[in-house]
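Written below as structure tokens is the structure these notes are about.
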Amino acid sequence: MNKLLSHHWNVSSRREFFARAGSGLGAIALGSMLAEGAETPKKTHFPAKAKSVIWLFMEGGPSHIDLFDPKPELNKLAGKPMPASFGKLVTAMGTGNNTLMASPRTWKQHGKSGMWVSEWYPHIAKHVDDMTVIRSCWANGLNHVGSVCQMNTGDILAGRPALGAWVTYGLGTANKNLPTFVVLTDDREVIGGPKNWASGFLPASYQGTQFRQGDTPILNLKPVEGTTDERQKSRLSLLKQLNQHWGADKTEDTDLDARVKSFELAYEMQSAGAEAVDITKETEATKSMYGMDSEDTRQFGHNCLLARRLVERGVRFVELYCGSGSGWDAHSNIEGNHGKWCKVSDKPIAGLLEDLKQRGLLQDTLVVWGGEFGRTPFNEKGNGRDHNPWGFTMWMAGGGAKGGQYVGTTDEIGLRAVEKPCHVHDIHASILYALGMDHLQMTYQHNGRAERPTIVGGNIFKEIFV
């Protein structure tokens with residue numbers, strides 16, 4: 001065996017062979033490529049409305065009552081204690097002396113639909129006729145770690161697969177040389193880290209692939225200097241033969257076969273991956289549309305443009321964090337905090353919607369906007385707002401979503417969802433529905449139980465879609 005290895009690579013052991021086999025094939029770490037069966041598309045349960053999802057995750061909790069859900073009654077009650085009608089909830093929240101706080105926003109109706117958006121989002125406001133705004137979202141978590149986890153995986157406790165992992169498991173890949181599930185950040189590390197795009201009890205190969213910030217989103221993509229294409233093909237061929245020989249009597253173990261496929265796909269990534277993340281050929285007008293000509297919007301604008309390029313090339317699920325690391329968490333000085341992050345996200349998101357529409361991609365791409373929760377109508381630290389999982393706003397555009405409509409409402413001060421409450425499981429079930437998947441039929445056997453993305457809940461909000 002060692003003679004055979006030495007002939008090809010001048011190595012002294014099988015261990016060294018495997019170590020060097022990965023050299024220059026950085027995409028071997030791209031977990032979504034390792035999946036047995038994920039290399040080909042799978043049938044949907046019913047005709048899909050969307051082919052891909054771009055999830056715009058405003059991490060930290062954007063204030064719905066300052067962006068998409070105006071509350072005139074809240075402004076009238078500003079400075080007063082929480083109404084007694086909220087009873088036990090007021091006690092449980094421990095609001096103490098935190099009085100109701102007005103929203104000093106300027107609100108206008110936009111588009112033919114006349115939907116309300118505050119002055120903090122002037123560019124996004126131009127696209128309301130393409131959006132379904134869900135004003136009645138709710139979740140279970142109170143802190144960021146559990147809530148970000150639930151919005152991604154359905155549970156406040158770590159260990160379950162992310163929605164993007166379920167999409168990869170259920171639909172397979174739509175391309176041969178890029179990951180199926182990609183994660184992009186713009187600031188610090190996401191609260192809770194990789195568990196938010198992990199595969200949980202699904203095979204590890206279905207996990208999301210994090211692209212890094214900067215000029216090299218995919219690490220180690222270039223081959224080692226001096227390595228020819230012919231040599232790489234020869235190495236892969238030898239590695240495949242060795243692994244097939246090793247696994248000949250281990251047919252029940254599919255990991256080895258998946259590993260071989262990962263090397264082959266990583267090889268393909270060396271050309272396709274580099275091309276996908278190279279935005280130098282994009283026009284200056286396109287870059288400007290995404291806000292890349294301004295320091296404030298350059299990073300998130302770059303990520304939004306990259307998301308368009310990825311779905312254009314068959315990536316099914318792209319998750320973009322804006323304010324990664326709880327940027328939107330405004331316990332104090334909400335004016336300064338949200339003023340910053342709204343500026344960071346407004347033009348890039350509007351540019352993404354416009355670009356997708358111009359290219360005919362919006363009809364096949366479901367764009368989802370929201371955070372892990374909203375913010376309270378009462379003040380914290382005088383000029384901030386606390387976490388609010390009881391009622392908040394998300395919106396969806398494209399991918400079959402009906403434009404220019406509201407779904408659900410919160411109460412008169414924006415604290416609780418009261419009409420058509422839409423839980424995180426309902427959001428996930430509806431996204432899967434847009435992709436042609438029935439969350440009730442999408443199961444995976446784990447510890448003797450048929451697990452599914454929405455655990456034991458989930459209702460499809462079909463009114464979101466045309």
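The values are calculated or read from the model by the stated rules, or taken from the named source; none is laboratory data. All figures in this text were calculated on a predicted structure; none of them were measured in a lab. No Cβ is skipped: glycine too gets one built from the backbone with ideal geometry, and neighbour counts run over all protein chains shown.
Out of 365, 393, which single residue is hydroxyl-bearing (Ser, Thr, Tyr), farther than 22 Å from residue 146 by Cβ and either surrounded by 22 or more Cβ atoms within 10 Å (Cβ to Cβ) or modelled with pLDDT under 95 (or both)?
Details: 393 fails: farther than 22 Å from residue 146 by Cβ.
Every option except 365 fails the conditions.
Residues are listed down the side, and each one gets a yes or a no for (1) surrounded by fewer than 24 Cβ atoms within 10 Å (Cβ to Cβ); (2) at pLDDT below 75; (3) among the charged types (D, E, K, R); (4) in a strand (DSSP E or B):
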| residue | (1), (2), (3), (4) |
| --- | --- |
| 36 | yes, yes, yes, no |
| 54 | no, no, no, yes |
| 60 | no, no, no, no |
| 74 | yes, no, no, no |
| 80 | yes, no, yes, no |
| 88 | yes, yes, yes, no |
| 96 | yes, yes, no, no |
| 113 | yes, no, no, no |
Subset of segment 344-362 (residues that are surrounded by fewer than 23 Cβ atoms within 10 Å (Cβ to Cβ), of a type outside the set (A, V, I, L, M, F, W, C) and in contact (Cβ under 8 Å) with a residue 60 or more places away in the chain): 346, 354, 355, 357
Select the strands (runs of 3 or more DSSP E) contained entirely in segment 382-422, then report the ones holding at least 3 residues which are touching a helix residue (DSSP H, G or I) at 6+ places or on another chain (Cβ under 6 Å). 392-397
Any chance segment 427-436 includes a residue that's closer than 30 Å to residue 72 by Cα and either modelled with pLDDT of 95 or more or in contact with a His (Cβ under 9 Å, 6 or more places away or on another chain) (or both)? yes
Out of all the residues in segment 404-420, which are under 13 Å from residue 74 (Cα atoms), buried (at least 21 other Cβ atoms within 10 Å of the Cβ) and of a type outside the set (Val, Ile, Thr)? 414, 415
If we keep just the residues of segment 338-366 that are of a type in the set (Val, Ile, Thr) and in contact with a Leu (Cβ under 8 Å, 6 or more places away or on another chain), which is nearest to residue 187 (Cα to Cα)? 349
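So that you can scan it fast, the table gives a plain yes or no per residue for (1) assigned to a loop (DSSP other than H, G, I, E, B); (2) among the hydrophobic types (A, V, I, L, M, F, W, C); (3) exposed (fewer than 15 other Cβ atoms within 10 Å of the Cβ); (4) modelled with pLDDT of 90 or more:
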residue: 167; (1), (2), (3), (4): no, yes, no, yes
residue: 183; (1), (2), (3), (4): no, yes, no, yes
residue: 195; (1), (2), (3), (4): no, no, no, yes
residue: 199; (1), (2), (3), (4): yes, no, no, yes
residue: 210; (1), (2), (3), (4): no, no, no, yes
residue: 222; (1), (2), (3), (4): yes, no, yes, no
residue: 226; (1), (2), (3), (4): yes, no, yes, no
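Quick one: how many residues across segment 152-165 are touching a His at 6+ places or on another chain (Cβ under 8 Å) and not in a loop (DSSP other than H, G, I, E, B)? Reasoning before the result, please.
Filtering segment 152-165 for residues touching a His at 6+ places or on another chain (Cβ under 8 Å) gives 154, 163.
Adding the requirement that they be not in a loop (DSSP other than H, G, I, E, B) leaves 163.
Residues in segment 152-165 being touching a His at 6+ places or on another chain (Cβ under 8 Å) and not in a loop (DSSP other than H, G, I, E, B): 1 in total.
Take the conditions touching an Asp or Glu at 6+ places or on another chain (Cβ under 6 Å) and either surrounded by fewer than 24 Cβ atoms within 10 Å (Cβ to Cβ) or over 30 Å from residue 103 (Cβ atoms) (or both) and apply them to residue 380. Does it pass?
Numbers: touching an Asp or Glu at 6+ places or on another chain (Cβ under 6 Å): yes; either surrounded by fewer than 24 Cβ atoms within 10 Å (Cβ to Cβ) or over 30 Å from residue 103 (Cβ atoms) (or both): yes.
Criteria met by residue 380.
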Residue 463 - would you say it is outside any loop (DSSP other than H, G, I, E, B) and within 25 Å of residue 127 (Cβ to Cβ)? yes
Within segment 303-326, take every residue that is in a strand (DSSP E or B) and among the hydrophobic types (A, V, I, L, M, F, W, C) and give me the one that is nearest to residue 59 (Cα to Cα). 322
